[in-house]
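Q: First the structure, then my questions, so here it is.
Just so it is clear, none of the values below were taken in a lab; they were calculated from the coordinates. None of the values given here were measured: they were computed from a predicted structure. Note that we place each Cβ from the backbone using ideal geometry, even for glycine, and neighbour counts take in every protein chain shown.
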Amino acid sequence: MESIYLSLGSNIGDRQNYLKKALEHLGSESRLIIDKVSNYYETAPVGGVEQDAFLNIAAKIYTTCTPEELLNIIHKVEAKLNRSRKVHWGPRTLDIDIIFWGDRSINNEKLIIPHKETFKRLFVLIPLLDIYDKSSIFYKKIKQSITFLKQTEKEQKVIRVPEKEENTQTIKRVVKELLLAIGDDPQREGVRETPRRVAEMYQEIFSSQNQNEFQEYKVFETPKRDNSQMVLVKDISFYSMCEHHMLPFFGKAHVAYIPRNGRIIGLSKIPRLVDFVSRRLSLQEKITSDIADTLMEILDPVGVAVVVEARHMCVEMRGVKKSNSLTRTTYFTGDFNSNAQLRAEFLRVLN
Ligand SMILES: Nc1ncnc2c1ncn2[C@@H]1O[C@H](COP(=O)(O)OP(=O)(O)OP(=O)(O)O)[C@@H](O)[C@H]1O
Ligand SMILES: Nc1nc2c(c(=O)[nH]1)N=C(CO)CN2
């Protein structure tokens, strides 16, 4: 049976999850078998459209389908995973291309195989090399093209991403070494399970680390269209980790926006957004502006105002050791930025 190679890419939302789900959907097709999957690679976007980095993989499959039938399956899987086709070579939750079909050449109005961009794209070739049979026809050309592109296309960055299980093992190993380095005994009863606990905790508290897009919201259109009503959600608790010391900082966020033309999001989504921007290594200033910038991007409101108040363990436990000091950061966009009266009204409502 002929070996078929696919290239998969995602650059919106939980990219790894989209790729994993795509493999699951493909693998559940009765006429298709997934034989091998490459490592995961973080890749700079190629093609001139300004967009976030992609996660790319390659898969080797076997199928009794015709190429056209496989393309239909691919389109079905892409549609299931929220693929839209707005911008050519633009951002997408999922893209699946058929790269090779054995040594066949296919060229009709629906399919060109080998995929016509293959030998120009490191994000296709590097994952492919993980799983491509050394004795197969394109092996030499893949190797040569990688060498050539690495020299000539410096902006095509491709970096291998360790798998979750690999990450867990790494964290466990490093925490064990850390225990030793600070003078403890990793075999001591009280800390024997600490490396595992820390690894599991990091999965949770850094769950947004590799996600570039907030997706858990829906925009609603309401009839109110006077563009002057403020929506304020106060006292949203959050916990984050500072990127300088990897120590917690935590406190409250207060978020207000003025809907444009009645466009709003569910109120519970604002605390979710605060959680989303907090669950990664960050800084208070960054969390403050991330909340405002994301709301601007998804809602295009008249303005956003964000105040964050937090205690920082890196200030209280070490260095200057000032316990109970509170840091307050503010970030205003749109009318909140340009209109001092509006800003004052927001601050008055807050206090
Ligand atoms: N080898 C191939 N694999 C997948 N689609 C192909 C292939 N050759 C031609 N096509 C056609 O290309 C059309 C558009 O595909 P798609 O939307 O994935 O393009 P793109 O991702 O924007 O660009 P690219 O294919 O260069 O990555 C498909 O509907 C399909 O008919
Ligand atoms: N790094 C990277 N860049 C791209 C990708 C992709 O999967 N990865 N897909 C594109 C359209 O198919 C356009 N550009």
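Q: In whole Hz, what ³J(HN,Hα) sequence does segment 329-341 give by Karplus (6.51, -1.76, 1.60; θ = phi - 60°), x for Gly and Pro?
A: These are the phi-based 3J(HN,Hα) values: 10, 10, 8, 10, 10, x, 5, 5, 7, 8, 10, 5, 5 Hz.
Q: Just flag the trypsin sites (Lys or Arg not before Pro) in segment 85-145 sitting in loop per DSSP whose Cβ has no more than 14 other Cβ atoms within 10 Å. Mind dumping the intermediate values first?
A: Numbers: sites: 85, 86, 92, 104, 110, 116, 120, 121, 134, 140, 141, 143; in loops: 85, 86, 92, 104, 110, 116, 121, 134.
Passing sites in segment 85-145 are 85, 86, 104, 110, 116, 134.
Q: So, one more: Please compute the net charge surrounding residue 113, taking Lys and Arg as +1 and Asp and Glu as -1 over other residues with Cβ under 10 Å from its Cβ.
A: Details: positive: 104, 116; negative: 97.
Summing Lys and Arg as +1 and Asp and Glu as -1 gives +1.
Q: Also: Give the angle, between 0 and 90 degrees and rounded to the nearest 10, that separates the Cα long axis of helix 139-152 from the longest principal axis of the Cα atoms of the chain.
A: 40 degrees
Q: Now for a separate question. For segment 1-135, just list the percent of Cα-Cα distances falling in each 5 Å bin from zero outward, please.
A: Reading the bins upward from 0: 2, 10, 21, 25, 23, 14, 4, 1, 0.
Q: I need the Kirkwood Rh of the chain: take the reciprocal of the average 1/r across all distinct C-alpha pairs and report it in angstrom. Working shown, then result.
A: On the way: mean 1/r = 0.0425 Å⁻¹.
About 23.5 Å for the chain.
Q: For segment 164-205, compute Rg over Rh where Rg is the Cα radius of gyration and Rh is the Kirkwood radius from the inverse mean 1/r over Cα pairs. Walk me through the numbers on the way to the answer.
A: Working: Rg = 10.1 Å, Rh = 10.3 Å.
With Rg and the Kirkwood Rh in hand, the quotient comes to 0.98.
Q: Give me the one-decimal nm value for the distance between modelled label points at residue 201 and residue 108, 7 Å along each residue's Cα-to-Cβ direction.
A: 5.9 nm
Q: Magnitude of the Cβ-charge dipole of segment 164-205, K/R +1 and D/E -1, about the Cα centre, nearest 20 debye?
A: Details: 8 positive and 9 negative charges, 10 e Å.
It comes to approximately 40 debye.
Q: Also, quick follow-up: For segment 43-202, what does the alpha-carbon gyration tensor say about shape, rounded, prolate or oblate, given a ≥ b ≥ c as the root eigenvalues, a/c under 1.5 as rounded, and a/b over b/c as prolate? Write out the running numbers ahead of the final one.
A: Numbers: a/c = 2.30, a/b = 2.09, b/c = 1.10.
Cα axes put segment 43-202 in the prolate bin.
Q: Let me ask another. Can you check what the Kirkwood hydrodynamic radius comes to for segment 52-124, Cα pairs only, in Å to one decimal?
A: On the way: mean 1/r = 0.0736 Å⁻¹.
After inverting the mean inverse Cα-Cα distance, the result is 13.6 Å.
Q: How far is helix 67-80 tilted off the main Cα axis of the chain, in degrees rounded to 10, range 0 to 90?
A: 10 degrees
Q: What is the packing order of peptides 231-240, 215-224, taking the mean over residues of other C-beta atoms within 10 Å and listing the highest first? Walk me through the numbers on the way to the answer.
A: Details: 231-240: 16.0, 215-224: 11.6.
Ranking, from highest mean packing down: 231-240, 215-224.
Q: Just to confirm a number: summing +1 for Lys and Arg and -1 for Asp and Glu over residues other than residue 276 whose beta-carbon lies under 14 angstrom from that of residue 276, what do you get?
A: Working: positive: 269, 272, 279, 280, 286; negative: 14, 204, 213, 216, 275, 290, 293, 297.
Its environment carries a net charge of -3.
Q: Could you work out [θ]222 nm for the chain from helices alone, using -39500 (n - 2.57) per DSSP H run of at least four and dividing by all its residues? Round to the nearest 500 deg cm²/dmol.
A: Numbers: 11 runs with 126 residues, N = 351.
That comes out to -11000 deg cm²/dmol.
Q: Further, regarding this structure: Work out the charge dipole of segment 4-161 with +1 on the Cβ of Lys and Arg and -1 on the Cβ of Asp and Glu about the Cα centre, then indicate which of 98, 27, 82 is farthest towards its positive end.
A: 98
Q: When the Debye formula is applied to the Cα atoms of segment 219-350, each taken as the same point scatterer, what base-10 log of I(q)/I(0) results at q = 0.18, 0.21 Å⁻¹?
A: Here log10 of I(q) over I(0) equals -0.93, -1.17.
Q: Taking the Cβ of residue 295 as the centre, find all other residues whose Cβ is under 13 Å away and add up their charges (Lys, Arg: +1; Asp, Glu: -1).
A: Numbers: positive: 260, 263, 269, 272; negative: 290, 293, 297, 300.
Around residue 295, the surrounding residues sum to 0.
Q: Continuing with the same structure: Roughly how many debye, to the nearest 20, is the charge dipole of the chain about its Cα centre, given +1 on each Lys and Arg Cβ, -1 on each Asp and Glu Cβ, and no other charges?
A: Numbers: 52 positive and 46 negative charges, 46 e Å.
Taking the Cα centre of the chain as origin, the dipole is about 220 debye.
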